[in-house]
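What follows is a short report on a single structure.
The values are calculated or read from the model by the stated rules, or taken from the named source; none is laboratory data. Not measured: the values here are computed from a predicted model. FYI the Cβ positions are ideal-geometry reconstructions off the backbone, even for glycines, and counts take in every protein chain you see. Side chains included, ligands, DNA and RNA excluded: accessible areas come from the protein's heavy atoms. Shrake-Rupley method; radii C 1.70, N 1.55, O 1.52, S 1.80 Å.
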Amino acid sequence: MRDAAPQTIYLRDYTPFGYLVDGVELTFRLHPTRTRVMSRIRFRPNPEATDHRFFLHGEGLTLISAAIDGRQVSPEPVEGGLVCPAPDAPFTWEAEVEISPETNTALEGLYMSNGMYCTQCEAEGFRKITYYPDRPDVMAPFSVRIEGGENILLSNGNPGAAGAGFAEWHDPWPKPAYLFALVAGDLVNHPDSFTTRSGKQVALNIWVRPGDEGKCAFGMQALKDSMKWDEEVYGREYDLDIFNIVAVDDFNMGAMENKGLNIFNSSAVLASPETSTDANFERIEAIIAHEYFHNWTGNRITCRDWFQLCLKEGLTVFRDAQFTSDMRSASVKRISDVIALRARQFREDNGPLAHPVRPDSFVEINNFYTATVYEKGAELIGMLKTLVGDKAYYKALDLYFERHDGEACTIEDWLKVFEDATGRDLGQFRRWYEQAGTPRLTVSEEFNNGTYTLHFEQKTPPTPGQDVKDPRVIPIAVGLLGANGDELRETTVLEMTEATQSFRFQGLAARPVPSILRQFSAPVILERETSSAERAFLLAHDTDPFNKWEAGLSLAREGLMAMICDGAAPDAAYLEAVQMMARDDSLDPAFRALALGLPSQDDLAQALFDAGHTPDPQAIWEALETLRQAKAQAMQDLAPRLYAQYQVTEPYQPDAAQSGARALANAALAMITRLDGGAQAQRQYDSATNMTQQLAAWSCLLQAGNGAAATGAFYDQWRHDRLVIDKWFMLQILHADPADAADTAARLTEHLDFTMKNPNRFRATLGGLTASPAGFHHASGKGYALLADWLIRLDPVNPQTTARMCSAFETWRRFDADRQALIKAQLERILDTPDLSRDTTEMVTRILAAR
Ligand code: B3K
Ligand code: ZN
């Protein structure tokens, strides 16, 4: 364990930097182990600052020389950087440092991936490139010269002079250092262009390794669609002559929005029908849009400090969700988003890693790129839009862009814009940014003389460091249905502001059936006692697609809980209701595929825990298997019909219509496989012409225990394609019997193609294990030990990915004493590792502190 406790940074300690930066000139002389970075930076005292100490961040840099206004200086090295006496007037700082990209395995700063130089600076990676005030509120125009033997040399902004072995770039838009990027490599491009609505021609490129150029067309179309959408919906135009995207194999996350030079994990941009699933295509479209939308929400208007991260991330996630809803099906997108929100954010909000959407302290900021900041952050934007209405929302956004362009802002600035645009007081809304934890919204009802009353109560359980919670403003979208399924009251948004509050509906002839929290209008847990008959009724009749789906899910969940706790048989009411839904050809196939799904293992574990039980991961898995088998039996006539009916015969398109049909047909195939042992799945596998069909068939075969031949064939067919081989690693573990999952993962870590240096491969393998709860939580503890072994090994190589994967342990307090002891021992073993990174130390310490 580290001896010195890592330092905690607090929001309340914010002070502006003592200097402003008027311009940055950088020259890179590239070399794998001895890259020289020359910087020339013009500073001037910041009139808004009181502290004029000249401190520059720097980490792992070898300082060759430094000068102020041409005179050599000897800065004093201090923790995290250097300090140097500086004039109380404008001056120029010049420095030369040496760095070693090839040995940088943390994938932060300047590093190498397959012989290509690339960068990742957010949040604090620029300080690994040169000495600089590496904080988002210091914004400056950058000019960059790259010298190297690679054929393609890229940086931010517009291209300048270029020749043999060098290229220059100039970015006129002032930006914080976290948006700096450089790429150099022997790359090929997929070029295109876009004309903005004011008639400006923008050159577009997707740069990839030779051999991948055939996988760029879809990403390029997504980029052009995003550019057009942002003009039409938010009035935002692109602002440089060129927009470059580069695909990189070794990358810690999905992608990065560097100004004019987005860098993407290759899994988030490369796509072809043969190698990518429908889900991959949809994810790529969303990530391309997300990074592009950051150009305004993140780059032109950035964050004052990292506590304000949700200012750019929550808003940009919200914008990319709007885009996907417009491009595809809005209700399917909403349902999928809520599934992900509950799986990741509710889980986080309910455990030791809970933190406010705007945290007030951190040790390592990289640990706060969380589902709470991103996904709950986006939910807050959605609630604001619901509360103020569409028109006022766009008016406020126009004001935001007008008032804050070129600035580094706070959540206060953001809310003020809404207050000014709408005249509303958002004081109470601010609590959503400040209070962690998911509110529980309990509802009871009353019907008297034609008046129907809904009584609500909100309560948020304590979270680490926050015992008391104040009531929040909650928009609750409600509709009322009559006994025949007619909509008696269309959706209205109730605005709850008190801890308990009642809302009345008058003039009703009979007690209605309420549809509450339509479209999931607030990120809360709705608790309402009701009958399965009513849930089945809502699944059949609700006009709100979200609540229709929710009714089916709740029905399934309750049946599963009864199976687990009371040994009940699969719920006939559920089987009947879901069959009726699946048979309804007027419903979107994509919706039906989602509504055929069951609650996740993790969802059930949490529900059981909330109901006062100790969840047994194996029992949960068995109940799900039993229910799936019963469903396959119940639908033995319907499944083959759906399978035949929804075969796509047209040439492959990754659009909503085709992918919805495939999703429903593949859901049917999973049911068919449970009865035929895999005969149909094998036929689909053998004749598949796209990855969606191939992977679905192979999954079914694995699940049926008949996958060995396909597993071998799949590897032989795709061994040359690293992204497909990631799927090969993951699926074998995901579909292994829980007793074998850890052994399968352990065996795969010995495979020649396994490497922990590639985050995608590491996540496919160890993340495959943690994505299989019954396997990971196997009573032997072998899943825990395997993950801990690999996290300990990965930490010195790549702390960011290690820390992120620690969250697999965050639910440990839910389980029985034996499992808790096993997990605790592994967490302590990790924490006892000499020289453990700050990232992992913070995560493990917070998880261990769980009560
Ligand atoms: N802004 C980046 C994430 C950076 C993560 C740093 N650990 C990607 C995104 O949200 O678009
Ligand atoms: Zn983002």
Handout entry: For MET496, distant residues with modelled amide H under 5 Å away
Key = ILE474, ILE476
Problem - Among beta bridges that DSSP assigns inside region 9-270, antiparallel share in %, nearest 5 - result: 80
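If the chain between ARG838 and ASP637 were fully stretched, how many nm would it gain, using 0.36 nm times the residue separation less the Cα-Cα distance? Don't skip to the answer; put the middle values down first.
Values: separation 201, 0.36 × 201 = 72.36 nm, distance 5.67 nm.
Taking 0.36 nm per residue and subtracting the Cα distance, the gain is 66.7 nm.
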Problem - Which of ILE242, GLN618, PRO45, positive extreme of dipole for the chain (C-beta unit charges) - result: GLN618
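Just the number, please: carbon plus sulfur as a percent of the accessible area of the chain, 1.4 Å probe, no ligands or DNA/RNA counted.
Numbers: 15880 of 31890 Å².
Heavy-atom surface of the chain belonging to carbon and sulfur, 1.4 Å probe: 50 percent.
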Completion exercise
P(r) over all Cα-Cα pairs of region 30-185, 10 Å bins from 0 to the longest distance, whole percent per bin, short to long, reads 11, 40, 37, 11, 1
Practice task
Compute, for VAL332, the solvent-accessible surface of its heavy atoms (probe 1.4 Å) with the complete set of protein chains present, and express it in square angstrom to the nearest 10.
Solution key: 30
Exercise for the section: Mind giving me the FRET efficiency for ARG511 and ALA330? R0 is 41 Å, r the Cβ-Cβ distance, nearest 0.05 is fine. Expected result: 0.85
Exercise for the section: On a C-alpha basis, how far is the centre of region 706-728 from the centre of region 53-75 in Å? Whole number, if you could? Expected result: 52
Exercise for the section: Quickly work out the GLU237-to-ALA562 label distance, labels modelled 7 Å from Cα along the C-beta direction, and quote it in nm with one decimal. Expected result: 6.2
Exercise for the section: Compute the length gained on full extension between GLU498 and SER586: take 0.36 nm times their separation in residues and subtract their Cα-Cα distance, giving the result in nm to one decimal. Expected result: 27.6 nm
Problem - Solvent-accessible heavy-atom area per residue, rounded to whole Å², over region 9-270 at 1.4 Å - result: 37
Fill in the blank from the handout: About its Cα centre, the chain carries a charge dipole, from +1 on Lys and Arg Cβ atoms and -1 on Asp and Glu Cβ atoms, whose size in debye to the nearest 20 is 260
Practice task
Could you pull out every one of the lysines with an alpha carbon less than 24 Å from that of LYS385, ignoring same-chain neighbours closer than 8 positions?
Solution key: LYS228, LYS312, LYS333, LYS376, LYS395, LYS416, LYS459, LYS469, LYS548
Completion exercise
Once all protein chains are kept in place, ASP360 shows an accessible area at probe 1.4 Å, nearest 10 Å², of 80
Exercise for the section: Give me the angle, in degrees from 0 to 90, between the Cα long axis of helix 309-327 and the longest principal axis of the Cα atoms of the chain, rounded to the nearest 10. Expected result: 50
Practice task
Set the Förster radius R0 to 25 Å, insert the Cβ-Cβ distance between ARG40 and GLU76 as r into 1/(1 + (r/R0)^6), and round the FRET efficiency to 0.05.
Solution key: 0.75
Completion exercise
Computed on Cα atoms only, the convex hull of the chain has an orientation-averaged projected area in nm² of 35.0
Practice task
Compute the length gained on full extension between ASP420 and GLU48: take 0.36 nm times their separation in residues and subtract their Cα-Cα distance, giving the result in nm to one decimal.
Solution key: 131.4 nm
Exercise for the section: Rounded to whole Hz and in sequence order, give me ³J(HN,Hα) for region 641-650 from the Karplus expression 6.51 cos²θ - 1.76 cosθ + 1.60, θ = phi - 60°, writing x for Gly and Pro. Expected result: 5, 4, 4, 5, 5, 9, 5, 8, 9, 6
Practice task
Would you list which lysines come within 20 Å of LYS824, measuring only between C-alpha atoms, while excluding same-chain residues fewer than 8 positions from it?
Solution key: LYS782
Handout entry: Inter-label distance for ALA708 and THR33, nm, one decimal - labels placed 7 Å from Cα along Cα-to-Cβ
Key = 4.7
